[in-house]
Amino acid sequence: MMKKLTTSLVCCLLSGSLFAQQAPTDSTIIKQFFDMSLDKGQSYQWLRELTKNVGGRLAGSANAAKAVQWGKALLEQQGADKVFLQDVMVPHWERGAKEQAYILNGKQKIVVPLLALGGSIATPKKGIQAEVIEVKNFQELRALGKEKCEGKIIFFNRPMDATKINTFEAYGGAGDQRRSGANEASKLGAIGCIIRSLSSTLNDYPHTGSMVYATGVPLIPAGAISTNAAELLSKTLKENPKTQFFFKQNCQTFDDAPSHNVVAELKGSEKPEEIIVVGGHLDSWDVAEGAHDDGTGIVQSIEVLRLFKTLGIKPKRTIRVVLFMNEENGNRGGIKYAELAKQNGEKHVFALESDNGGFTPRGFGLQGASAETLAKVQGFKPLLSPYGLHEIEKGGGGVDIGPLAPQGTVLVGFKPDSQRYFEYHHAANDVFENVNQRELEMGAASMASLIYLLDKYL
Ligand SMILES: [Zn+2]
């Protein structure tokens, strides 16, 4: 008993002395990140500037160009060692005049909110009016065959699965309707495609998002109606299967346009050739201010740089803040960034992306990490959990940083709480007012803390 006690006492003293050498320093620095971000943070005010002064900023638009200049100037003000632009050609699609849509039940006409999907063609000038075939998935559609679908509007009405705790899983499970619903409908002779918005609640906002036409299939226009409108259309169709739908879209695709990624560097003191990226995407859909998607990721990434500079923390490796262009409808910025990294022989060890909204931080997801690296990062939990960062798991990453994966870069996705994201995602209510200041600032400090630990211990 005595012996045992002595051993545990020695262990205790030993680990206690280790603790005295390392942990307080790290925990003090992490506390400073949070104190500074919450008490004297800049991210909220920057988000106001980006959302209110620039606004919606689809790649290829004048607003996207304005956002590039805003980001570059702001990063220069933070005292980065180097700020530069990377040229990238991006798709250029414009919505044009506001869409019109209504349900026609006999003589009754019910106007509903609709948004063209990004990349869709316009309807003919007079719009499209036809009977509606409602389906839940492609299998159900194919079973109907050409005879039932020819000349009709196909209505994809499969909701996001409400039972998924992580709403991104539910989003993933419903996404095929938006991405390729028009192609599947067109193969069976349909003349138009409408989808139930990919939103987790019943609301009146149509949620746009990108779709891509398949080659060799006639192009038909595709739009999204709000979840409430989808419920109403479904109910009306049950009462009257001859119900018709009308919609008119005025969108157009132009030639690719020149644009930029914005990059800022904090040069490493010991291993400057090893790079850690932190970023988000600067573009957003045209119909909203792009606050949660992804203004929050942009200002949090810039705040990481400011926190390091303000607290005088000199990283061993080079930290790069990257404001990627064109995540929403092409990912050309992410692809170009990885292409240039390879061309220039750069070594990217980690890339952290914030593109899941500016909500309460929960943790991080790692992709491409060895078991050893994952275990090391999970070893940071005692330092991070006082701030609510409990989830450090496999999986995650981000669209913009994805193309770095083949270069052996470990991809890290910042994981905030996901319950409210799909109320705002790609819709007109994704505005500054729907971002909570403290939640946003907690996210910036969380990201700074992880980068600090990754740089120091890996
Ligand atoms: Zn996004």
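The values are calculated or read from the model by the stated rules, or taken from the named source; none is laboratory data. Everything numeric in this text was worked out from a predicted model, so none of it was measured. Quick reminder, even Gly has a Cβ in these numbers, built from the backbone with ideal geometry, and neighbours come from all protein chains shown. Remember, those area values only see protein heavy atoms, side chains included, never the ligands or the DNA or RNA. Shrake-Rupley method; radii C 1.70, N 1.55, O 1.52, S 1.80 Å.
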Residue satisfying condition, being farther than 24 Å from residue 356 by Cβ, out of contact with any Pro (no Cβ under 6 Å at 6 or more places or on another chain) and without any contact (Cβ under 8 Å) to a residue 60 or more places away in the chain, within set 202, 188: 188
Hits in the range 187-203 (condition: under 20 Å from residue 172 (Cα atoms) and surrounded by 20 or more Cβ atoms within 10 Å (Cβ to Cβ)): 193, 194, 195, 196, 197, 198, 199, 200
Qualifying residue in the range 153-170 (condition: open to solvent by 20 Å² or more (accessible area, probe 1.4 Å), outside any loop (DSSP other than H, G, I, E, B) and at pLDDT 95 or above): yes
Number of positions in the range 260-275 that are of a type in the set (S, T, N, Q) and either within 20 Å of residue 354 (Cα to Cα) or open to solvent by less than 10 Å² (accessible area, probe 1.4 Å) (or both): 1
Number of the exception - residue 364 against (1) on the phi < 0 side of the Ramachandran plot; (2) surrounded by fewer than 17 Cβ atoms within 10 Å (Cβ to Cβ): (2)
Residue among 234, 301, 226 that alone is open to solvent by less than 50 Å² (accessible area, probe 1.4 Å) and within 16 Å of the ligand (Cβ to nearest atom): 301
Criterion violated by residue 27 - all others in (1) under 14 Å from residue 296 (Cα atoms); (2) not assigned by TED's automatic domain parsing to the domain that holds residue 306 satisfied: (1)
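Out of the range 276-289, which residues are more than 10 Å from the chain's Cα centre (by Cα) and either within 15 Å of the ligand (Cβ to nearest atom) or open to solvent by 10 Å² or more (accessible area, probe 1.4 Å) (or both)?
Matches in the range 276-289: 279, 282, 283, 285, 286, 287, 288, 289.
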The one condition in (1) within 25 Å of residue 434 (Cβ to Cβ); (2) free of Cβ contacts under 8 Å to residues at least 60 places away in the same chain that residue 285 fails to fulfil: (2)
